[in-house]
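Engineer: Quick one: structure below, then a few questions.
The values are calculated or read from the model by the stated rules, or taken from the named source; none is laboratory data. Small disclaimer: the values here were computed from a predicted structure and weren't measured. A quick note on method: Cβ atoms are made from the backbone with ideal geometry, for glycine too, and the neighbour counts reach across all protein chains shown. Surface accessibility is based on the protein's heavy atoms, side chains included, excluding ligands, DNA and RNA. Shrake-Rupley method; radii C 1.70, N 1.55, O 1.52, S 1.80 Å.
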There are 2 protein chains.
Amino acid sequence: MKMSIKELAKLANVSVTTVSLVLNDKPSRISETKKKEIKELAKLHDYQPNFSARNLVTKTSKTIGLLMPDIENLFFSALAKNVEDELRQNGYSLLLVNSDDMYKNDISLIKNLVNRGVDGLLLTIANDAIKHKAQYETLLEDIKTPYVMVDRTLGNPKHPQVYFDNQLGGYLATKYLIDQGHQKIACLISKDKSLNGYYRYKGYQKALKMAHIDLNEQWVFDGDYRFQSGYHMADRLVSQQCDALFAGNDLMAYGAIKRLKELGKKVPEDIEVVGYDNLEFSKMLGLNLPSVEQNVKALGKQSVALLMDLMKNQAINRTIVLEPTFKKD
Amino acid sequence: MKMSIKELAKLANVSVTTVSLVLNDKPSRISETKKKEIKELAKLHDYQPNFSARNLVTKTSKTIGLLMPDIENLFFSALAKNVEDELRQNGYSLLLVNSDDMYKNDISLIKNLVNRGVDGLLLTIANDAIKHKAQYETLLEDIKTPYVMVDRTLGNPKHPQVYFDNQLGGYLATKYLIDQGHQKIACLISKDKSLNGYYRYKGYQKALKMAHIDLNEQWVFDGDYRFQSGYHMADRLVSQQCDALFAGNDLMAYGAIKRLKELGKKVPEDIEVVGYDNLEFSKMLGLNLPSVEQNVKALGKQSVALLMDLMKNQAINRTIVLEPTFKKD
């Protein structure tokens, strides 16, 4: 049987408020002897505080809300796992919500998390946030709960944020293809619907410019980060006679490679492909796909650390940019 | 600025308790006119209830705890996503914890979720629970929070549970290999450390028996469901001259296939391999791996439905067994 705080107070011959103050180590005028007695009684009877009651006293919930666009996506499931690990080590639990990568869900889910009284928010917003910046800005201005934008930002330095240098990633991938001797390098990316995609594209642009290769707009394809999107663009890659492809993620690279093989093309001999994410599945299934790697563990660690600092009003550096690395094999 | 319940009560000239009762639609003697006035004031001032305070009044948290062994595992990330979807549709939020598949973490995480006052629990316990059944039984007997065991059980019908028929899955996979004409069929499974593995092994055993093929214990290999585990056993598969393998999951099948190819063996011509999980990566990366598929969406849906029924004391059928299907391609 669970003992209530009332029963414990009666046993100790004190008020409920006194028990609450003592067990939550709040300052009070209660004598050390009485404090010790109450704590021992609580231990003896295996008293478990009612969380809601404690929250009202301590004004904290020891819970952090994590907003994810798609928990099934390998990058985000790894991120969620790392965040949960880090939070637990800091004594916090994770309230996880999934937006299905839709801005409308973001807005209502963030409000919902705030109303639930989470102590802090880790926000990976939907890709289509790029088209609804004003709504996010208004919402974030309004909430009092500390938050950190994780991986995806609004491109506004005033928000606390931890993200990867996507321009560097796009640059590294394209530079590799140039160094391999390719000139007709296509790019499969979502540059208008995703800020991270836009910067990966800027990196592609920069690498071409530095190598004095003209950018051909016909070789820039719009992709939605799914396998099918790579599969369907591969025909045009062949008809445009491109000799290389920088795909904005590994899934689209897989799709392109599958279709290229069906079309009788050899990868990388006829057309070389690089991806983004460096998924372990490539190697498991015998594909050597050069790819840009983002250290998701560092992303989780730094995001939680920044949030903890913000919650203590101790954040010094509010923007943390992590560097991706290029993995040839 | 957020309005507090105190300020709202002052405005309406009533007590805090009255406001709480009215906004939570609890029975009271308050007149309909006053109720309407309080609700309108709350709306006018965009009053957002303090969640902890509301929880104390309603005795619910509108939160469900989900215990996962490994959120990075594709099966569980898909499960978490489906569970979150289902819960949201039912007006609940998800508190997610990850045990790293270790029973010690399970025990403390379940206690922690209960102390946080979740309204219900969805528990996918660690594989090594099989060795610590008594601890789980004691814990589950003790807690008052409704719970459902999801995918992994203690093999005790008294617990509310939703899981797949693993014996059927093992049977279907092995039967397929027998029908293909194979006689020397190996099995890579964790039969002693996981209850689901044990039943998949029982299915393998049953299929062999029904086909009057003797089971050779030397062809039963111990696997831990990771890629490396399949990779490392493949040499013995060859030295034992087996002509087929039933792998307990796709990751181990990937490992075995990779090594078999390195050893100069053709799959499926020399050695045929079947997996379990039917991961979409196989097809994306050009591998045709026959595999047992478990409908994770149905698992999430049924688990949440059973928990909701238990929370309303309306559960009729407390054990739900789902059937896996075999996918040839």
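Engineer: Within the stretch A:120-144, how many residues turn out to be in a loop (DSSP other than H, G, I, E, B) and either modelled with pLDDT of 95 or more or closer than 20 Å to A:Asp100 by Cα (or both)?
Structural biologist: 4
Engineer: Can I ask one more? I'm checking my understanding of the structure. Among residues of the stretch B:165-193 that are within 30 Å of B:Leu94 (Cα to Cα) and surrounded by fewer than 24 Cβ atoms within 10 Å (Cβ to Cβ), which one is modelled with the lowest pLDDT?
Structural biologist: Checked the stretch B:165-193; the qualifying residue modelled with the lowest pLDDT is B:Lys193.
Engineer: Looking at the stretch B:9-23, which of its residues are within 43 Å of the chain's Cα centre (by Cα) and surrounded by 14 or more Cβ atoms within 10 Å (Cβ to Cβ)?
Structural biologist: Those that are within 43 Å of the chain's Cα centre (by Cα) and surrounded by 14 or more Cβ atoms within 10 Å (Cβ to Cβ): B:Val16, B:Thr18, B:Val19, B:Ser20, B:Leu21, B:Val22, B:Leu23.
Engineer: Considering only the stretch A:59-80, I want to know if a residue exists there that is within 13 Å of chain B (Cβ to nearest Cβ), within 23 Å of A:Gln314 (Cβ to Cβ) and among the aromatic types (Phe, Trp, Tyr).
Structural biologist: Checked the stretch A:59-80: no residue is within 13 Å of chain B (Cβ to nearest Cβ), within 23 Å of A:Gln314 (Cβ to Cβ) and among the aromatic types (Phe, Trp, Tyr).
Engineer: Would you point out the residue of the stretch B:269-285, among those that are within 13 Å of another protein chain (Cβ to nearest Cβ) and open to solvent by 60 Å² or more (accessible area, probe 1.4 Å), that is farthest from B:Asn249 (Cα to Cα)?
Structural biologist: Among those that are within 13 Å of another protein chain (Cβ to nearest Cβ) and open to solvent by 60 Å² or more (accessible area, probe 1.4 Å), it is B:Lys283.
Engineer: Moving to a separate point now. Looking at B:Gln218, is it open to solvent by 20 Å² or more (accessible area, probe 1.4 Å), more than 15 Å from B:Met252 (Cα to Cα) and assigned to a helix (DSSP H, G or I)?
Structural biologist: In short, yes.
Engineer: Further, regarding this structure: If A:Thr325 satisfies all but one of (1) touching a Ser or Thr at 6+ places or on another chain (Cβ under 9 Å); (2) within 30 Å of A:Gln241 (Cα to Cα); (3) open to solvent by 60 Å² or more (accessible area, probe 1.4 Å), what's the number of the condition it fails?
Structural biologist: Evaluating A:Thr325 over (1) touching a Ser or Thr at 6+ places or on another chain (Cβ under 9 Å); (2) within 30 Å of A:Gln241 (Cα to Cα); (3) open to solvent by 60 Å² or more (accessible area, probe 1.4 Å) leaves (1) as the failure.
Engineer: So A:Lys297 clears everything in (1) exposed (fewer than 15 other Cβ atoms within 10 Å of the Cβ); (2) under 24 Å from the mean Cα position of the chain (by Cα); (3) not in a helix (DSSP H, G or I) except one condition, right? Which one?
Structural biologist: For A:Lys297, the failing item is (3).
Engineer: Cβ-Cβ below 6 Å, separation at least six or inter-chain, first residue in the stretch B:186-201 and within 22 Å of B:Pro157 (Cα to Cα), second of a type in the set (Val, Ile, Thr) and surrounded by fewer than 24 Cβ atoms within 10 Å (Cβ to Cβ): which pairs?
Structural biologist: Here the result reads B:Leu195/B:Ile130, each pair linking the stretch B:186-201 to a residue that is of a type in the set (Val, Ile, Thr) and surrounded by fewer than 24 Cβ atoms within 10 Å (Cβ to Cβ).
Engineer: Out of the residues in the stretch B:141-159 that are buried (at least 20 other Cβ atoms within 10 Å of the Cβ) and within 18 Å of B:Asn313 (Cβ to Cβ), which is farthest from the chain's Cα centre (by Cα)?
Structural biologist: The qualifying residue farthest from the chain's Cα centre (by Cα) is B:Pro146.
Engineer: Tell me which residues, restricted to the stretch B:271-294, are in a loop (DSSP other than H, G, I, E, B) and in contact (Cβ under 8 Å) with a residue 12 or more places away in the chain.
Structural biologist: Those that are in a loop (DSSP other than H, G, I, E, B) and in contact (Cβ under 8 Å) with a residue 12 or more places away in the chain: B:Ile271, B:Asp277, B:Asn278, B:Leu279, B:Leu287, B:Asn288, B:Leu289, B:Pro290, B:Gln294.
Engineer: Could you please give the count of residues in the stretch B:37-91 that are part of a loop (DSSP other than H, G, I, E, B), touching a helix residue (DSSP H, G or I) at 6+ places or on another chain (Cβ under 9 Å), modelled with pLDDT of 80 or more and closer than 20 Å to A:Val118 by Cα?
Structural biologist: Within the stretch B:37-91, residues that are part of a loop (DSSP other than H, G, I, E, B), touching a helix residue (DSSP H, G or I) at 6+ places or on another chain (Cβ under 9 Å), modelled with pLDDT of 80 or more and closer than 20 Å to A:Val118 by Cα number 2.
Engineer: Of everything in the stretch A:164-199, what is of a type in the set (Asp, Glu) and either in a loop (DSSP other than H, G, I, E, B) or within 19 Å of the chain's Cα centre (by Cα) (or both)? Give them in sequence order.
Structural biologist: Residues satisfying the conditions are A:Asp165, A:Asp192.
Engineer: Got at least one residue in the stretch B:163-171 being polar (S, T, N, Q) and closer than 23 Å to B:Gly300 by Cα?
Structural biologist: Yes.
Engineer: With the structure loaded, tell me whether B:Glu72 is surrounded by fewer than 24 Cβ atoms within 10 Å (Cβ to Cβ), free of Cβ contacts under 8 Å to residues at least 40 places away in the same chain, over 16 Å from B:Met149 (Cα atoms) and not basic (Lys, Arg) or whether it fails that test.
Structural biologist: Yes; evaluated as a whole, the condition is true for this residue.
Engineer: Okay, moving on. Does any residue of the stretch A:263-270 turn out to be out of contact with any helix residue (DSSP H, G or I) (no Cβ under 9 Å at 6 or more places or on another chain) and charged (D, E, K, R)?
Structural biologist: yes
Engineer: Moving on to the next point. When you scan the stretch A:226-265, how many residues do you find that are assigned to a helix (DSSP H, G or I) and either more than 14 Å from every other protein chain (Cβ to nearest Cβ) or touching a Gly at 6+ places or on another chain (Cβ under 9 Å) (or both)?
Structural biologist: Within the stretch A:226-265, residues that are assigned to a helix (DSSP H, G or I) and either more than 14 Å from every other protein chain (Cβ to nearest Cβ) or touching a Gly at 6+ places or on another chain (Cβ under 9 Å) (or both) number 24.
Engineer: Pairs please, first residue from the stretch B:150-170 and within 25 Å of B:Phe246 (Cβ to Cβ), second anywhere and aromatic (Phe, Trp, Tyr) and part of a helix (DSSP H, G or I), Cβ atoms under 7 Å, 6+ apart in sequence or on different chains.
Structural biologist: B:Asn166/B:Tyr199; B:Gln167/B:Tyr199; B:Gly170/B:Tyr199; B:Gly170/B:Tyr201; B:Gly170/B:Tyr204
Engineer: Looking at the stretch A:1-34, which of its residues are over 30 Å from B:Leu139 (Cβ atoms) and not aliphatic (A, V, I, L, M)?
Structural biologist: A:Asn13, A:Ser15, A:Thr17, A:Thr18, A:Lys26, A:Pro27, A:Ser28, A:Arg29, A:Ser31, A:Glu32, A:Thr33, A:Lys34 - these are the residues of the stretch A:1-34 that are over 30 Å from B:Leu139 (Cβ atoms) and not aliphatic (A, V, I, L, M).
Engineer: Could you list all residues from the stretch B:117-165 that are closer than 22 Å to B:Lys81 by Cβ and among the charged types (D, E, K, R)?
Structural biologist: Once the filter is applied, which keeps residues that are closer than 22 Å to B:Lys81 by Cβ and among the charged types (D, E, K, R), the stretch B:117-165 yields B:Asp119, B:Asp151, B:Arg152.
Residue-wise test of (1) among the acidic types (Asp, Glu); (2) open to solvent by 60 Å² or more (accessible area, probe 1.4 Å); (3) touching a residue at least 24 places away in the same chain (Cβ under 8 Å); (4) away from chain A (no Cβ under 13 Å).
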{"residue": "B:Lys36", "(1), (2), (3), (4)": "no, yes, no, yes"}
{"residue": "B:Gln89", "(1), (2), (3), (4)": "no, yes, no, no"}
{"residue": "B:Asn98", "(1), (2), (3), (4)": "no, no, yes, no"}
{"residue": "B:Gly120", "(1), (2), (3), (4)": "no, no, yes, yes"}
{"residue": "B:Ile130", "(1), (2), (3), (4)": "no, no, yes, yes"}
